[in-house]
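The values are calculated or read from the model by the stated rules, or taken from the named source; none is laboratory data. None of these values were measured; they are calculated from a predicted model. Reconstructed Cβ throughout: ideal geometry from the backbone, glycine too, with neighbour counts over all protein chains shown.
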Amino acid sequence: MVKTLLFVVALLLFGALAGNEVAHFAAARHQPARAVMLLARFHLDRLSAAVKSGQCGAVPQERELLLGMYNEIPAAFPKSYAQDSQFRIRADSLRDAVHSEPPNGSDCSAAAVKKIDDACEACHRDYR
């Protein structure tokens, strides 16, 4: 009876450890993509806050950091970017929205931030 109980406990422990390893393996595959998206959201929020508060000096730096994050999309989503033309179009339009000149020539423009945010949302509607 004791041997059976110890055997069941050992099997449960082994199952829990194996399940934990599988979960870590599955999560590790998505870490680069999640990291890029989290950092892009962070810099978009900072860009938006800089524009809203009128801190126009911080806007070019945040746009450059955001552009760097969006340039990482092909590396973070290699299969999607290579095989899905719609994903590639959305990712490229997002990068182009950050890289393009602001609508009224001012870097400190709410319309420019909205254009970037709209490009993010268009992609996330289809690919979240």
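Quick rundown of the values:
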item	result
Matching residues in the range 56-84 - criterion: being outside any helix (DSSP H, G or I) and either without any contact (Cβ under 8 Å) to a residue 24 or more places away in the chain or touching a Gly at 6+ places or on another chain (Cβ under 8 Å) (or both)	D84
Any hit, the range 88-104, residues being at pLDDT 90 or above, of a type outside the set (A, V, I, L, M) and exposed (fewer than 13 other Cβ atoms within 10 Å of the Cβ)	no
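Residue-wise test of (1) of a type in the set (G, A, S); (2) closer than 20 Å to K114 by Cβ.
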| residue | (1), (2) |
| --- | --- |
| H43 | no, yes |
| L47 | no, yes |
| K52 | no, yes |
| C56 | no, yes |
| Q61 | no, yes |
| Y70 | no, yes |
| P74 | no, no |
| S80 | yes, no |
| Q86 | no, no |
